[in-house]
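Here's the structure we're looking at; comments come further down.
Bear in mind that the values in this text are calculations on the coordinates, not laboratory data. Everything numeric in this text was worked out from a predicted model, so none of it was measured. Note that we place each Cβ from the backbone using ideal geometry, even for glycine, and neighbour counts take in every protein chain shown.
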Amino acid sequence: MVSGVIKVDNLLEKIAADLATLIKAKQIDNPMMIGIRTGGVWLAERLHQQLDLSSPLGTLDISFYRDDFSRAGLNPKVQPSVLPNATEDRHIILVDDVIMSGRTIRAAMNELFDYGRPASITLVTLLDLNRRELPIQADITGDTLALGPDEQVKLTGPEPLALEIRKKPSL
């Protein structure tokens with residue numbers, strides 16, 4: 001059951017403006033944007049277009065890098081990661097939909113470093129749920145959201161992009 005829907009467009013505009021300011025302040029030329037499947041890719045596609053980045057967009061599927069892989073098993077929708085350029089010495093903009101525990105981002109960074117050592121990684125997330133288990137923070141976030149213990153958030157898309165706040169299913 002959906003208990004609320006949040007439109008994403010205003011958050012994306014804020015993120016794009018903040019990201020453009022950060023890129024300029026850090027004097028980063030030609031950053032490489034990479035989205036984490038699935039929601040992060042949808043957001044990265046929009047941001048990549050809004051910022052008119054020249055480097056092709058990359059995608060990561062971190063399924064094999066998750067620390068709960070042995071418990072959760074293989075997701076039947078696993079797709080290959082696609083990094084159209086080398087990551088070595090590149091300034092990476094890593095995009096995900098929600099940061100909660102930090103474990104997804106840790107897995108993404110582990111995979112990125114398997115491809116090479118980036119010059120820097122800037123983390124961009126649509127939402128921060130502030131439930132960290134690892135000391136990983138987003139550099140740019142659209143908003144912070146406090147959920148009740150019986151709630152969860154889900155990005156739906158790709159068209160239209162919307163955040164749904166749902167009641168967790170009862171066990």
Report task. Arrange the following residues from fewest to most other Cβ atoms within 10 Å of their Cβ: SER54, SER101, SER81. Result -> SER54, SER101, SER81
Query raised in the report: Within the chain, how many lysine pairs that are 8 or more places apart, or on different chains, have C-alpha atoms less than 23 Å apart?
Result: 10
Report summary line: The longest stretch of the chain containing none of the trypsin sites (Lys or Arg not before Pro) that sit in a DSSP loop with at most 13 other Cβ atoms within 10 Å is 78-130
Report summary line: Simple SL model, points at 7 angstrom along Cα→Cβ for ALA86 and ASN110; separation in nm is 2.6
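Among residues other than THR59 whose Cβ falls under 10 Å from its Cβ, what is the net charge (Lys/Arg +1, Asp/Glu -1)? Before the final figure, lay out each step's value.
On the way: positive: ARG37; negative: GLU45, ASP61.
With Lys, Arg at +1 and Asp, Glu at -1, the neighbours total -1.
Run the numbers on the stretch 93-171 and let me know its relative contact order in percent, using alpha-carbon pairs under 8 Å that are six or more apart. Each step should come with its number before you reach the end.
Numbers: 112 pairs, mean separation 21.2, N = 79.
Relative contact order, the stretch 93-171: 27 percent.
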Report task. Name the helices (complete DSSP H segments) of the chain with a Cα length along the long axis of 15 Å or more and a Kyte-Doolittle mean of at least 0.0, or state none. Result -> 9-25
Report summary line: quick shape note, the stretch 88-138: Cα extents on principal axes in Å, largest first -> 31, 17, 14
Report summary line: Rounded to the nearest Å, the spacing of the alpha-carbon centers of the stretch 1-65 and the stretch 106-161 is 11
Report task. Indicate, rounded to the nearest 5 percent, the antiparallel portion of the DSSP beta bridges found entirely in the chain. Result -> 40
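Taking GluC sites (Glu not before Pro) that fall in a DSSP loop and have at most 12 other Cβ atoms within 10 Å as cut points, what is the longest piece of the chain between them? Mind dumping the intermediate values first?
Working: sites that count: GLU88, GLU133.
That would be 1-87.
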